[in-house]
């Protein structure tokens with residue numbers, strides 16, 4: 001079994017669906033070339049599943065509707081710390 005690191009560019013708007021091999025490991029979220037990016041350690045030979053991610057800015061409301069749970073992934077900053085964002089993954093829908 002060999003694993004590789006994949007990078008995904010993220011958007012600040014709405015939910016984002018990313019297809020990932022099962023048993024993936026999120027390594028970090030950082031800004032690269034002014035774009036938020038998620039780095040994930042994966043076994044590319046494993047079956048894939050869709051995951052839903054969301055980004056919220058500090059002070060933004062996070063609605064917890066029935067059946068929706070989120071797991072905090074990480075925080076990143078833009079514009080020399082002027083904007084601070086927080087990434088979550090849906091754990092229940």
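See the values below:
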quantity	calculated
For region 4-92: relative contact order, % (alpha-carbon pairs under 8 angstrom, 6 or more apart)	30
Förster radius 35 Å - calculated FRET efficiency between residue 79 and residue 45, Cβ distance, rounded to 0.05	0.35
Rg and Dmax of region 4-84, Cα atoms only, in Å	13.7, 40
Gain on full stretching of the segment that runs from residue 1 to residue 58 - 0.36 nm per residue minus C-alpha separation	16.6 nm
Extension gain from residue 31 to residue 12, taking 0.36 nm per residue of separation minus the Cα-Cα distance	5.6 nm
Share, in percent, of DSSP beta bridges within the chain that are antiparallel, nearest 5	100
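Taken together, the values in this text are just the output of simple stated rules run on the coordinates, not laboratory data. Computed from a predicted structure; not experimentally measured. FYI the Cβ positions are ideal-geometry reconstructions off the backbone, even for glycines, and counts take in every protein chain you see.
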